[in-house]
Amino acid sequence: MEINTYQTRAELLLRSYILSDSFIVYSSVIGGVFACKLVYDVSQIFSSIYFKRYAGLSKSQQVEWNNRSISTVHAIFITAMSLCLAFWSDLFSDDQLAGLVIMRRSTLSTSVLGVSVGYFLTDLAMILWFYPSLGGMEYLVHHLLSLVALSYSMLTGEAQFYVYMVLLSEATTPGINLRWYLDVAGLKKSKAYLINGFMMVFVWLVARILLFIYVFYHFYVHYDQVMKVSSFGIFLVCVVPLVLAVMNLIWFWKIVKGLKKTLAKRN
């Protein structure tokens, strides 16, 4: 009986939210997809003019070059918006009395999630189309989990704070992409490549390890609020960050090993 009540509540909430804010949701998602296409085209034109090595890359490398331009622009955008909404605005502040933190949303916070959904849809489509050159199974799992969590939070308004906290992990993307660009540009032995390696380790530690510890702490402190969302919402809040945290630890170990390997070659 309780399960049916949860399901009915979630269905009514989802239906009413889609009907009331459908323009914001769909326009932001479509806008995100078109923004990705625009960045891809601009990267293609700009790189062919200003980067001599671009013309010498294989077709698959050129696709990955432009794909990484999309992910870099999205990472900068979503990191800035996540910091703004999660920390600098009062939307999710405990000092505010405007309802439960777990249930708070705004037109801006919903629109930004829509843009991010558009990005993950585009990137997932490219990964599948060019599989496995743009990423293996771990990228598919990461993107599918992200899409489900983002879409649910965007449509229902639930747990947007936790979604933005997890999205802050995108701050590591520009450094990862820069490392790839330096590699294909033949600058693997440069000082810039070494500095980038140290920066990657530091940013990854902060954005994908320590930040996730804070997310789990916040979840523990606000446990009573988390239990008031729908059953599927509780599942997403509990499972998605945990799976991503495990993946982050595995990737972090690989990054540290890669940096050690680079240092060993220099010595």
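I'd like to know if segment 10-31 contains one or more residues that are farther than 30 Å from residue 105 by Cα, open to solvent by less than 70 Å² (accessible area, probe 1.4 Å), out of contact with any strand residue (DSSP E or B) (no Cβ under 6 Å at 6 or more places or on another chain) and modelled with pLDDT of 85 or more. No, every residue in segment 10-31 fails to be farther than 30 Å from residue 105 by Cα, open to solvent by less than 70 Å² (accessible area, probe 1.4 Å), out of contact with any strand residue (DSSP E or B) (no Cβ under 6 Å at 6 or more places or on another chain) and modelled with pLDDT of 85 or more.
Does residue 129 satisfy the criteria of being of a type in the set (Phe, Trp, Tyr), open to solvent by less than 20 Å² (accessible area, probe 1.4 Å), closer than 30 Å to residue 47 by Cα and at pLDDT 95 or above? Full working, then the answer.
Working: of a type in the set (Phe, Trp, Tyr): yes; open to solvent by less than 20 Å² (accessible area, probe 1.4 Å): no; closer than 30 Å to residue 47 by Cα: yes; at pLDDT 95 or above: yes.
Judged against the criteria, residue 129 is not a match.
If we scan segment 69-78, do we find a residue that is farther than 20 Å from residue 222 by Cα, at pLDDT below 95 and part of a helix (DSSP H, G or I)? Within segment 69-78, not a single residue is farther than 20 Å from residue 222 by Cα, at pLDDT below 95 and part of a helix (DSSP H, G or I).
For segment 226-267, which positions are among the basic types (Lys, Arg) and either crowded, with 16+ Cβ neighbours inside 10 Å or not in a helix (DSSP H, G or I) (or both)? The one that is among the basic types (Lys, Arg) and either crowded, with 16+ Cβ neighbours inside 10 Å or not in a helix (DSSP H, G or I) (or both): 228.
Checked against (1) open to solvent by less than 40 Å² (accessible area, probe 1.4 Å); (2) among the aromatic types (Phe, Trp, Tyr); (3) at pLDDT 95 or above, residue 92 passes all but a single condition, namely (3). Residue 213 meets the conditions (1) at pLDDT 95 or above; (2) out of contact with any Gly (no Cβ under 6 Å at 6 or more places or on another chain); (3) surrounded by 13 or more Cβ atoms within 10 Å (Cβ to Cβ); (4) hydrophobic (A, V, I, L, M, F, W, C) in every case but one. The failed one is (3).
If only one of 51, 87 is open to solvent by 20 Å² or more (accessible area, probe 1.4 Å) and farther than 27 Å from residue 221 by Cβ, which one is it?
51
The values are calculated or read from the model by the stated rules, or taken from the named source; none is laboratory data. None of the values given here were measured: they were computed from a predicted structure. When we count neighbours, we look across all protein chains shown, and the Cβ atoms used for this are built from the backbone with ideal geometry, even at glycine. Just so you know, the surface numbers come from the protein's heavy atoms only, side chains and all, with ligands and any DNA or RNA stripped out. Shrake-Rupley method; radii C 1.70, N 1.55, O 1.52, S 1.80 Å.
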